[in-house]
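Take a look at the structure below.
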Amino acid sequence: MSSVAAGSTPNEKDALFHPELLQKFDINGPRYTSYPSADRFHNQFGEADYLGALKRVAQANEPLSLYFHLPFCPNICYYCGCNKIITKDHGRSAKYIKYLAKEMAMVCAAMGAQKKIPVTQLHWGGGTPTFLSHEEMIELMHHTREHFDLLPGGEYSIEIDPRRVTEADIALLAELGFNRISLGVQDFNLEVQQAVHRVQTIEETRAVMDWSRRYGFKSRSVDLIYGLPKQTPETFKETVDVVLKMNPDRLSVYNYAHLPHIFKPQRRISEADLPGAADKLDILSNTIARLGQAGYVFIGMDHFAKPDDELAIAQKEGKLHRNFQGYSTQAECDLLAFGISSIGKVDDSYSQNVRTLDEYYAAIDDSHLPILRGLQLNKDDLLRRELIGELMCQFALNTEQFSRSHQIDFASYFKAEIEELKHLEDAGLLEWRGATIFVPIKGRLLARRVAMTFDRHLRESQAKGTYSKVL
Ligand code: SF4
């Protein structure tokens, strides 16, 4: 089995992929797109709390980040774990856009905005954002720009389903201000595609990549999933090679988690077709080796990027951030989220909208913001959020600096955690370099495991036995 660090020469000591460590330490846990993770949100946090947070943020007058959840998809992919609505009725998205506009107006009114609020980051996620007609896309962006000023140089991104876009769509998205696209691919093997009910040709995908270059998009990201039914190490190698020929700037390689008791569409996947644990390890190992040979750098979690991509540069410069979209070069902004189930991060709080269209429309018709639940972070949460963010983005934490900036004594504040780190240290997942906790290349696929040691909420729930192991 080959073992190569992404972006470095083949060398066992520097290898990213260590199957024995994955088998031993890969346990179920948060992805830390937020800390505390969303499963800690509760419904005692409601609209009044959110309104308070919006007012505090308005006073800061800093540039913001925006997220729009566009949930409609014309067909179901069986592996899907997103909050989506399967429909072919485009009338449904026309109504939804109108309510997004109302929600934006309500939020901006609550912030007491006298002028357009500056924005450096915007993301349309889904669902399938390109389910919207051209008129709907124009309308949504028009309403966005009525309230917000999309600053030059920002990250304006959209998730694309290559099966459903035309050159005219990509041209329009560029005209609307989008400069980054993320393409869902998952796997190019036809048998795999049929088993997950998502048949997508290489040509369709390549065309979108070509158009995105033609219309000036700065960055192209491709999502793959390993562990899907009918996948083998050989078929996935072929997929990776085809994708590499398309020369994406970034690649995400996600592990498929088969949880049919939670995600109904997954019940249509036959468990007998899923690759076994050994095959999955092989697929991951081959993929990491292949991406390393092709010059991609491991960013963290499931993300890889070219060394000249801004994510890789930001990581080198210690300026990488993690948010609900994964990794980002934009400084930690407050995030306003719109649409069903979307999660915002405002002041020292997280808030999530209601999950269904009926609840969403009813709340807005009733002149209420559609908040379902959330969390007000306390001082300890804020401190741990910063710490976990450093470990996930920079693979290092200078504990002396951290102590100074938070006016704590790291050794006594995190006495129990430091003790617990010892077994990860013994296994080579982390090193103490002076006062710095450092995650060497060998431990980076498992950096989340190191971060989990500092997750107070997780420690408490583990004590209650509510978290389980994956392997
Ligand atoms: S994977 Fe994406 S395109 Fe497929 S059903 Fe889910 S949200 Fe829709």
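The values are calculated or read from the model by the stated rules, or taken from the named source; none is laboratory data. Remember, predicted model here, so these are calculated numbers, not experimental data. Neighbour counts run over all protein chains shown; Cβ positions are idealised from the backbone, glycine included.
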ask   = Can you find a residue in segment 128-148 that is in a loop (DSSP other than H, G, I, E, B), away from the ligand (no atom under 16 Å from the Cβ) and free of Cβ contacts under 8 Å to residues at least 12 places away in the same chain?
value = no
ask   = Tell me, which helices (runs of 4 or more DSSP H) lie completely within segment 15-115 with 3 or more residues that are more than 15 Å from the ligand (Cβ to nearest atom) and surrounded by 20 or more Cβ atoms within 10 Å (Cβ to Cβ)?
value = 47-60, 91-110
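Quick one: is Asp366 outside the structural domain of Val119 (by TED's automatic domain parsing), free of Cβ contacts under 8 Å to residues at least 12 places away in the same chain and closer than 25 Å to Glu159 by Cα?
no
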message = Within segment 154-173, does at least one residue satisfy the condition of being over 23 Å from Leu132 (Cα atoms) and in contact with a Phe, Trp or Tyr (Cβ under 6 Å, 6 or more places away or on another chain)?
response = no
message = Quick check on segment 175-184. Is at least one of its residues within 16 Å of the ligand (Cβ to nearest atom), at pLDDT 95 or above and of a type in the set (D, E, K, R)?
response = no
query = What is the one condition in (1) under 27 Å from Gly389 (Cα atoms); (2) without any contact (Cβ under 8 Å) to a residue 24 or more places away in the chain; (3) in a loop (DSSP other than H, G, I, E, B) that Ala257 does not satisfy?
reply = (2)
request  = For Ile158, state whether it is part of a strand (DSSP E or B), closer than 22 Å to Met209 by Cα and not hydroxyl-bearing (Ser, Thr, Tyr).
outcome  = yes
remark   = Counting only residues that are out of contact with any Phe, Trp or Tyr (no Cβ under 6 Å at 6 or more places or on another chain), small (Gly, Ala, Ser) and in contact (Cβ under 8 Å) with a residue 40 or more places away in the chain, segment 261-295 contains a total of 6
request  = Give Leu291, Leu281 a once-over and let me know the one that is away from the ligand (no atom under 15 Å from the Cβ), among the aliphatic types (A, V, I, L, M) and buried (at least 21 other Cβ atoms within 10 Å of the Cβ).
outcome  = Leu291
Options Ser342, Ser403, Ser328; residue that is in contact with an Asp or Glu (Cβ under 8 Å, 6 or more places away or on another chain) and buried (at least 19 other Cβ atoms within 10 Å of the Cβ) = Ser328
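When you scan segment 232-241, do you find a residue that is in the same structural domain as Glu167 (by TED's automatic domain parsing), at positive phi and modelled with pLDDT of 95 or more, even just one?
Scanning segment 232-241, I find no residue that is in the same structural domain as Glu167 (by TED's automatic domain parsing), at positive phi and modelled with pLDDT of 95 or more, so the answer is no.
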